[in-house]
Amino acid sequence: MRRFWLETYGCQMNKAESNALEGQMLDSGWVPASAAEDADLVILNTCSVRLTAENRIWGRLGYFKKLKETRPHTLVVMGCMAERLKGEIKKTVPAVDMVVGTFQKADFARLLGQAACGRHALAAEGLQSEGRGREGAYAFQARHSRKNDYRAFVPIMHGCDNFCSYCIVPFVRGREVSRDPHSIFGEIGGLLREGRVKEITLLGQNVNSYRFQDLDFPGLLEELFRRFPDAPWIRFLTSHPKDFSPALAKCMASHRAMCRHIHLPVQHGSDTILAAMNRQYTRGAYLALTETIREALPDVLLSTDLLIGFPGETDKDFQDTLDLIRAVRFDDAFTYYYNPRQGTAAWKMPDSVPEKLKLERLRELIEVQKGISREKKKQRLGTTVDVLAEGASKKNSAEILGRTEGDEMVVFPGQGAGDFRKVRLDQLKGNTFYAHEVSR
Ligand code: SF4
């Protein structure tokens, strides 16, 4: 029995692609190894969004290079880091057998067949020659979730045309490609027929700019609900504010299965920095958009991404960001500080904000946002919400861990998983609600 070990790093898209790959491996007779040390084939599906993400991979490659001395195996590096660095990875770590870029993931089983019959180098060379010529050839898979998942990812588009000046994604994932709606509905139909899936996340680096012939994103959602009127929870990830239309907010308001949660990365609160980031909207436009969304969806939860310490950021720019999060009052935020990425437009800008100041600003930003998140969560104590029960809580098997439609963690006494429960929110500990079930 040939055993494989698959490690996935980075975003939901990488997770969805790894699920698809795992399905391919199982279909072609491979079995999952119980530990990396037992595997005949090790696959690292990598992320390149930050330097820290790549450093983790170099660390893992060092480990597997050593392991190969006692436990020979085929070592494969795929994903965004492979697409960015290509042959450099094999030059740096010769123990790597195959480097598989973004546009070859779908082809992996065929490449593996070649590797299995000893034509290791071929794949890497193939990569070199095919390189970026195959950009438009991203192949969506038929299925991107595991058999037992209650929550499923369904990619609807791939790549990004926005070229935010700090971001490596457009260089490693290529131009935007929208998936054929028939293929999307085929995957959703298959998942719903199985009956386990209770939540579907429509995925893309920028789902709002979905367009297939004359079908745009709100149109795709309307068609989804026309075909699947009993659809479970539907989410989407990730949005770009410049493409988020009032029509989308209206469409969400008219379908209760659309989770009342929107992740809307703003990145910064200063117009000067937003322009330098090439975000293509202003602070004013973003604030107006959040008002439009809240008018259509009064109970919506809003989360965002915030990037601090961008080249040229002044104290005033930073204060503008604090003012913006106080004005919008996000329910949650993912916060980062800027680190230069080779190949991006910002790479050429002097990294002017000292690391120490970046960390100070990040700490202050996190404190302010944490206070807002807690206040908003506390206001919801005593309310009754629907949660998707995911299974026994790790801390106490007599309790269930579930998630609200705002993707918040809720713990409550009970058994079982994979269905919706109504719970009353009683307490808040850290970021987790503690609750009790009121009905099913
Ligand atoms: S929208 Fe900007 S930040 Fe998001 S993936 Fe595209 S380039 Fe990167």
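So what is the calculated 222 nm ellipticity per residue for the chain, using -39500 (n - 2.57) for each DSSP H run with n of 4 or more, over all residues, to the nearest 500 deg cm²/dmol?
For the chain, the value works out to -11500 deg cm²/dmol.
Jot down the per residue volume, in cubic angstrom and as a whole number, of the convex hull over the alpha-carbon atoms of the range 300-440. Walk me through the numbers on the way to the answer.
Details: hull volume 19.7 nm³, N = 141.
Measuring per residue, one finds 139 Å³ for the Cα hull of the range 300-440.
Per the Kirkwood definition applied to all pairs of different Cα atoms, how many angstroms is the hydrodynamic radius of the range 384-437?
10.5 Å
With every protein chain left in place, what is the accessible area per residue of the range 384-437 in square angstrom, probe 1.4 Å? The partial results should precede the final answer.
Working: 2480 Å² over 54 residues.
Averaged over the residues of the range 384-437, the accessible area is 46 Å².
Can you compute the charge dipole magnitude of the chain about its Cα centre, using +1 on each Lys and Arg Cβ and -1 on each Asp and Glu Cβ, nothing else charged? Give it in debye, rounded to the nearest 20. Intermediate values should be presented prior to the final figure.
On the way: 63 positive and 56 negative charges, 151 e Å.
Here the chain has a charge dipole of around 720 debye.
Would you grab the residues whose amide H sits under 5 Å from the one on L428? Only those 5+ places off in sequence or on another chain, please, with H modelled 1.01 Å from N.
Y434
Determine the percent antiparallel among the DSSP beta bridges restricted to the chain, to the nearest 5.
Given both bridge residues lie in the chain, the antiparallel proportion sits at roughly 40 percent.
How large is the charge dipole for the range 384-437, taken about the Cα centre, if only the Cβ atoms of Lys, Arg (+1) and Asp, Glu (-1) carry charge, to the nearest 20 debye?
200 debye
Grab every C-alpha pair in the chain, bin the distances at 20 angstrom width from 0 up to the longest one, and report whole percents.
23, 56, 21, 0
Excluding ligands and nucleic acids, what accessible area in Å² is computed for E223 using a 1.4 Å probe, to the nearest 10?
Near enough 40 Å² of accessible area.
How large is the Rg to Rh ratio of the range 151-378 when both quantities use alpha carbon positions and Rh follows Kirkwood? It would help to have the intermediate numbers written out before the result.
On the way: Rg = 18.5 Å, Rh = 18.7 Å.
In the range 151-378, Rg relative to Rh is 0.99.
Just to confirm my numbers, what's the Cα centroid distance between the range 295-338 and the range 18-87 in Å?
So the two Cα centres are separated by 35 Å.
Could you tell me the ratio Rg/Rh of the range 267-345? Both radii from Cα atoms, Rh via Kirkwood.
0.99
Please identify the helices of the chain, taking whole runs of DSSP H, that span at least 18 Å along their own axis as judged from the Cα atoms and have a mean Kyte-Doolittle score of 0.0 or higher. Please list the in-between numbers first.
Details: long enough: 12-27 (22 Å, -0.91); 51-70 (30 Å, -0.76); 181-194 (20 Å, 0.08); 283-296 (20 Å, -0.11); 315-328 (20 Å, -0.41); 355-379 (36 Å, -1.37).
Long hydrophobic helices here: 181-194.
At a 1.4 Å probe radius, which order do M409, M81 fall into by accessible area, largest first?
Per-residue accessible area, sorted high to low, gives M409, M81.
Using unit Cβ charges (K, R positive; D, E negative) and no other charged atoms, how large, in debye to the nearest 20, is the dipole of the range 347-440 about its Cα centre?
The calculated dipole for the range 347-440 is roughly 200 debye.
Lys and Arg at +1, Asp and Glu at -1: add these up for the other residues within a Cβ distance under 9 Å of F433 and post the number.
Net charge around F433: +1.
Take the Cα pairs of the range 11-54, get the Kirkwood Rh, then feed it into Stokes-Einstein at 10 °C and 1.306 mPa s and tell me D in µm²/s.
Result for D is 132 µm²/s.
Work out the charge dipole of the chain with +1 on the Cβ of Lys and Arg and -1 on the Cβ of Asp and Glu about the Cα centre, then indicate which of V438, T335, L297 is farthest towards its positive end.
V438
The values are calculated or read from the model by the stated rules, or taken from the named source; none is laboratory data. Just so it is clear, the model here is predicted, and its values are computed rather than measured. Don't worry about glycine lacking a Cβ; one is built from the backbone with ideal geometry, like all the others, and counts go over all protein chains shown. Note: accessible area is taken over every heavy atom of the protein model, side chains too, but ligands, DNA and RNA are not part of it. Shrake-Rupley method; radii C 1.70, N 1.55, O 1.52, S 1.80 Å.
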